[in-house]
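Colleague: Here it is, the structure, as structure tokens.
The values are calculated or read from the model by the stated rules, or taken from the named source; none is laboratory data. All values derive from a computational prediction rather than experimental measurement. So basically every Cβ, Gly included, is an ideal-geometry build from the backbone, and we count neighbours across all protein chains shown. SASA here: full protein model, heavy atoms, side chains in, ligands and nucleic acids out. Shrake-Rupley method; radii C 1.70, N 1.55, O 1.52, S 1.80 Å.
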Amino acid sequence: MKNYKIETKCVQAGHTPGNGEPRQIPIIQSTTFKYATSEDMGKLFDLEASGYFYSRLQNPTCDAVAAKICALEGGSAAMLLSSGQAANFFAIFNIANAGDHVVSSASIYGGTFNLFSVTMKKMGIDFTFISPDSTEDEIRAAFRPNTKALFGETIANPALTVIDIEKFASVAHEKGVPFIIDNTFATPVNCRPIEFGADIVTHSTTKYMDGHGSAVGGCIVDSGNFDWMAHKEKFPGLCTPDESYHGITYAEKFGKEGAFIYKATAQLMRDFGSTPAPQSAYLLNLGLESLHVRMDRHCLNAMKVAEFLETHEMIAWVNYPGLESSKYYPLVEKYMPKGTCGVVSFGVKGGRAAAEKFMKSLKIAAIETHVADARSCCLHPASSTHRQMSDEELSAAGIPADLVRFSCGIENYEDLIADISEALEAVKAGN
Ligand SMILES: *Cc1c(COP(=O)(O)O)cnc(C)c1O
């Protein structure tokens, strides 16, 4: 699959049926797998042989879909998880323990921010949050001797900031730690962070990859490029024997290419069980088959909507990284020249009340907390997810009271613009 273009990989990678075998990925709806002798199964338990024994750890349907995403990102190994939250948790917890520290962009998904700043902090892992626009020196300054990873989002949800992947990766490498990047919004169709030096890529597959609002899921892809053994003292979990696995040293046994995913599967999946259902993996694969087609349309629609909004008298401001007026446009040209994502945020003149009125008047876009769906949807954080906050608190958090997050689906953009236009007229007329 390596030499095919991304569109061909979206359709074909991960599953190569033999003669007379099903063309579609079979849904292996089985928790367990049968063996002739205990010795056969023992080899699997010892990680001496590869194969399946219990679907909490691995399932062939899930693995086929993980292999497709691995091919899309250009990685060496990948695993599916039950959600994007599980993916980011595993990606960090696989290399950071109590007493360790991680540097993260502050511009990240709210759920990830809570995971890091509240729940993982309770587990003894400390995070320092920095601006996604930090200079190299500012990134360096956040590091401590016990820092184990640098984390950011390619295009952040919901702030739509774009990260300078090469800059973040180079500081991480200078400090001897991997750069972990959540590539949910750009998807590998628009940006492949590994090509720019990222070491581990995570996804909430719930968004564009599934794309139809049908299954929550996550994925971790390892680039296979980070040399754990060269930084042995920082990563004892990968570089010293695992007593819970008969003294296996992951980085020795599976090399740079396999150690991270093997350890996350063998230890974390074993102990936390954040396993996706094979049915969900099957649905995810259906989404992946059209990811490249849908991303083109999401981006076209978002660009048209953003351009329309930029010229509208009722709109105070528009934030879309694909616009030439965006301060992130130079980074977009470098890292995602084909397009960014389908999400546009903007302010409706008249603040909170005007934004609420605008949303109520929309007919095509539904009000949802979801994004990245084939169907357009939108959210006004100040009157829903963040309604407990005052206007002042909202602006301090970078979510002004007038902000509407609009996720452009794959409908016809003229219809979307007409719908938005009518809703803005309703706000203007005050009825
Ligand atoms: C939604 C989202 C997540 C969390 O994913 P779930 O599948 O909802 O658990 C993580 N990162 C980003 C960028 C997201 O948009």
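Colleague: For the range 1-158, give me the percentage of DSSP beta bridges that are antiparallel, rounded to the nearest 5 percent. Mind dumping the intermediate values first?
Modeller: Details: 1 of 10 bridges.
Given both bridge residues lie in the range 1-158, the antiparallel proportion sits at roughly 10 percent.
Colleague: Near the amide H of residue 317, under 5 Å away, which other amide H atoms are found, from residues 5 or more places off or on another chain, if H is placed in the peptide plane?
Modeller: Under 5 Å from the amide H of residue 317 lie the amide H atoms of 347, each far enough along the sequence or on another chain.
Colleague: Full-extension gain between residue 391 and residue 246, please, as 0.36 nm times their residue separation minus the C-alpha to C-alpha distance.
Modeller: Length difference between fully extended and current span is 46.6 nm.
Colleague: Additional query: Just to verify a number: what accessible area does residue 109 come out at with the full protein assembly present, 1.4 Å probe, Å² rounded to tens?
Modeller: Approximately 90 Å² for this residue.
Colleague: Excluding same-chain residues fewer than 8 positions from residue 232, which lysines have a Cα within less than 20 Å of its Cα?
Modeller: 148, 175, 253, 256, 263
Colleague: Now for a separate question. When ligands, DNA and RNA are left out and all protein chains stay put, how many square angstrom of accessible area per residue does the range 298-431 have with a 1.4 Å probe?
Modeller: Working: 5920 Å² over 134 residues.
Accessible surface, normalised per residue, equals 44 Å².
Colleague: Starting at the first residue of the range 369-379, write each ³J(HN,Hα) from the Karplus equation 6.51 cos²θ - 1.76 cosθ + 1.60 with θ = phi - 60°, in whole Hz, x for Gly and Pro.
Modeller: 7, 6, 9, 6, 10, 4, 9, 4, 8, 8, 8
Colleague: Run through every distinct alpha carbon pair of the range 43-114 and return the Kirkwood hydrodynamic radius in angstroms, one decimal place. Walk me through the numbers before you get to the answer.
Modeller: On the way: mean 1/r = 0.0682 Å⁻¹.
It works out to 14.7 Å.
Colleague: Calculate what fraction, in whole %, of the accessible area of the chain sits on carbon and sulfur atoms when a 1.4 Å probe is rolled over the protein chains. Could you put the intermediate results ahead of the total?
Modeller: Details: 9100 of 17640 Å².
C and S fraction of accessible area: 52 percent.
Colleague: Right, another one. Suppose accessible area is computed on protein heavy atoms with a 1.4 Å probe; arrange 4, 208, 35 from highest to lowest.
Modeller: Numbers: 4 130, 208 0, 35 80 Å².
Sorted by accessible area, descending: 4, 35, 208.
Colleague: I've got another one for you. Going by amide H atoms built from the backbone, whose H comes under 5 Å of the H on residue 343, apart from near neighbours?
Modeller: Residues meeting the criterion, in which the H sits 1.01 Å from N, are 408.
Colleague: Follow-up question, since we're still on this one. In the range 259-417, what % of DSSP beta bridges are antiparallel (nearest 5)?
Modeller: Values: 12 of 14 bridges.
Here the antiparallel bridges make up roughly 85 percent for the range 259-417.
Colleague: Rounded to the nearest 10 degrees, what's the angle between the helix 165-174 long axis and the longest principal axis of the chain, both from Cα atoms, 0 to 90?
Modeller: 40
Colleague: Next question. Going Cα to Cα from residue 334, which lysines come in below 23 Å? Please leave out same-chain ones fewer than 8 positions away.
Modeller: Straight-line reach from residue 334, under 23 Å: 2, 5, 9, 167, 304.
Colleague: In addition: How large, in Å, is the range 72-228 by the Kirkwood hydrodynamic radius built from its alpha-carbon pairs? Don't jump to the answer; show the numbers that get you there.
Modeller: Values: mean 1/r = 0.0657 Å⁻¹.
Evaluated over the range 72-228, this radius sits at 15.2 Å.
Colleague: Shifting gears a bit: For the chain, with the dipole built from +1 on Lys and Arg beta-carbon atoms and -1 on Asp and Glu ones, taken about the Cα centre, which of 103, 329, 369 lies farthest toward the positive end?
Modeller: Projecting each Cα onto the dipole axis, the largest value belongs to 369.
Colleague: With the dipole of the chain worked out from charges on the C-beta (+1 for Lys and Arg, -1 for Asp and Glu) around the Cα centre, which of 395, 301, 91 lies farthest toward the positive end?
Modeller: Of the candidates, 91 comes out farthest on the positive side.
Colleague: Using just the C-alpha positions of the range 75-144 as equal point scatterers, what log10 of I(q)/I(0) does the Debye formula give at each q in 0.24 1/Å?
Modeller: With one equal scatterer per Cα and no solvent, log10 I(q)/I(0) is -1.13.
Colleague: Continuing with the same structure: Please turn the phi angles of the range 142-155 into ³J(HN,Hα) values with the Karplus equation 6.51 cos²θ - 1.76 cosθ + 1.60 (θ = phi - 60°), one per residue in order, whole Hz, x for glycine and proline.
Modeller: 7, 6, 10, x, 9, 6, 10, 6, 10, 10, x, 10, 3, 10
Colleague: Over the range 377-431, what lengths in whole Å, largest first, do the semi-axes of the equivalent ellipsoid take, defined as the square roots of 5 times the eigenvalues of the alpha-carbon gyration tensor? Mind showing how you got there, number by number?
Modeller: Values: eigenvalues 127, 44, 13 Å².
Square roots of five times the eigenvalues give 25, 15, 8 Å.
Colleague: So for the range 167-304, averaging the separation of alpha carbon pairs under 8 Å that are six or more residues apart and normalising by length, what relative contact order in percent results?
Modeller: Details: 170 pairs, mean separation 28.0, N = 138.
Dividing the mean separation by the residue count of the range 167-304 yields 20 percent.
Colleague: As a test question: what accessible area, to the nearest 10 Å², does residue 290 have when a 1.4 Å probe is rolled over all protein chains in place?
Modeller: Using a 1.4 Å probe on the heavy atoms, I get roughly 30 Å².
Colleague: Using only protein heavy atoms and a 1.4 Å probe, report how much of residue 207 is accessible, in Å² to the nearest 10.
Modeller: Roll a 1.4 Å probe over it and residue 207 shows about 20 Å².
Colleague: Can you check what the Kirkwood hydrodynamic radius comes to for the chain, Cα pairs only, in Å to one decimal? List each step's numbers first, then the result.
Modeller: On the way: mean 1/r = 0.0445 Å⁻¹.
With all distinct Cα pairs of the chain included, I get 22.5 Å.
Colleague: Continuing with the same structure: Angle check, please: helix 84-93 long axis (alpha carbons) against the longest principal axis of the chain (alpha carbons), in degrees 0 to 90, nearest 10.
Modeller: Tilt of helix 84-93: around 50 degrees.
Colleague: Another question, if that's okay. Out of residues 5 or more away from residue 242 or on other chains, whose amide H comes under 5 Å of its own, with H placed 1.01 Å from N in the peptide plane?
Modeller: HN-HN under 5 Å from residue 242: 247, 248, 249, 250.
Colleague: Under the Karplus relation 6.51 cos²θ - 1.76 cosθ + 1.60, θ = phi - 60°, what is the ordered set of whole-Hz ³J(HN,Hα) values for the range 96-101, x standing for Gly and Pro?
Modeller: Whole-Hz 3J(HN,Hα) from phi for the range 96-101: 10, 10, 3, x, 9, 9.
Colleague: Next question. Which percent, nearest 5, of DSSP beta bridges in the chain are antiparallel?
Modeller: Values: 25 of 43 bridges.
The answer is about 60 percent antiparallel.
Colleague: Compute the semi-axes of the equivalent ellipsoid of the range 269-393, taking the square root of 5 times each eigenvalue of the Cα gyration tensor, and list them largest first in whole Å.
Modeller: They are 29, 22, 15 Å, listed largest first.
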